[in-house]
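What follows draws every value from the coordinates through simple rules; no lab data is involved. None of these values were measured; they are calculated from a predicted model. Because the Cβ atoms are built from the backbone with ideal geometry, glycine has one as well, and the counts that use them run over all protein chains shown.
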Amino acid sequence: MIIIGEKINATRKSIAAALEARDEQHIIKITRQQADAGADYIDVNGGDPREGQEVRNMEWLVNLIQASTDRPVSVDSADPRAMEAGLSLAKGKPVMNSISLESEHLKPLLPILEKHECMVVGLLMSDDGAPTGVDDRVERTAALIEKFQACGRKMEDIIIDPCFFPLSADPDCGRAVIEAIAAIHRAWPDVHIGGGCSNISYGLPKRKLVNFALLSQAIFHGMDVGIIDPCTPGIIAATLAAEVVAGRDDFCMNYVTAEHEGKLS
């Protein structure tokens, strides 16, 4: 399971405040907490509507995070200028998060993808709006894979985000996204699948319980990337246990090793 730590995002009040104050210590603390908890990548989102500010935020965050951890970054922006800035500064092999089929979003970002050696998240939104079922998710996956391959991406560099929508708004969206994960995994077994799965519990009480239930079922059907808060108590342990049940942990070695390292408590 690839874990992308989601906490450094300007939509979070504490991160927005840290960005405004250029509070290095707060960002370093959150970065290291996520890395210590098991994040493989640190997502970086410095969204700001003020002209040029998101680019400045991205540059500051990427430089600071990379000085604080050896984990690579996931550059998260809808602004092509901020995306270019983040990927240009990134060390190692970053993640480009994300590109959708929405034409205004797609056109300026594909040249950036072609330029940089990175993984890429493909979000299954299009000019027709959000996906509603399994078939449209599969069709959109095929379209994105074709575009990403034309930019030189290998299948193993592609992460498909099937769009996790709140169950509080549509009780059927959980089943739809899990069935879509299974269908995408069958069609393209080398492509990664996952995204911001905690969206599914938005508006519900005890969100952690819903998130864990989704993780377990989605991992069983082929999800292998989570854009999550790895500091949530029990979430890494639940992920490791789900991989054991799904037969994706040879001889249960990752699970057993995690127990020896005290990560299951």
Quiz item: From the residues in segment 48-64 that are surrounded by fewer than 20 Cβ atoms within 10 Å (Cβ to Cβ) and of a type in the set (Asp, Glu), which one is farthest from the chain's Cα centre (by Cα)?
Solution: Glu51
Practice problem: Mind listing whichever residues of segment 3-47 are surrounded by fewer than 19 Cβ atoms within 10 Å (Cβ to Cβ) and over 30 Å from Ile219 (Cβ atoms)? | Solution: Lys13, Ala16, Ala17, Glu20, Ala21, Arg22, Asp23, Glu24, Gln25, His26, Ile28
Quiz prompt | Tally of residues being of a type in the set (S, T, N, Q) and either in a loop (DSSP other than H, G, I, E, B) or crowded, with 22+ Cβ neighbours inside 10 Å (or both) across segment 84-97 | solution = 1
Practice problem: For residues that are in a helix (DSSP H, G or I) and buried (at least 17 other Cβ atoms within 10 Å of the Cβ), tally how many sit in segment 65-83. | Solution: 5
Self-check item: Residue tally, condition closer than 26 Å to Lys7 by Cβ, in a helix (DSSP H, G or I) and not polar (S, T, N, Q), over segment 224-265
Solution: 11
Practice problem: Output the qualifying pairs, or none if there are none: Cβ atoms under 6 angstrom, residues six or more apart or on different chains, first residue in segment 229-245 and free of Cβ contacts under 8 Å to residues at least 24 places away in the same chain, second residue surrounded by fewer than 21 Cβ atoms within 10 Å (Cβ to Cβ) and not polar (S, T, N, Q). | Solution: Val244/Cys252; Val244/Tyr255
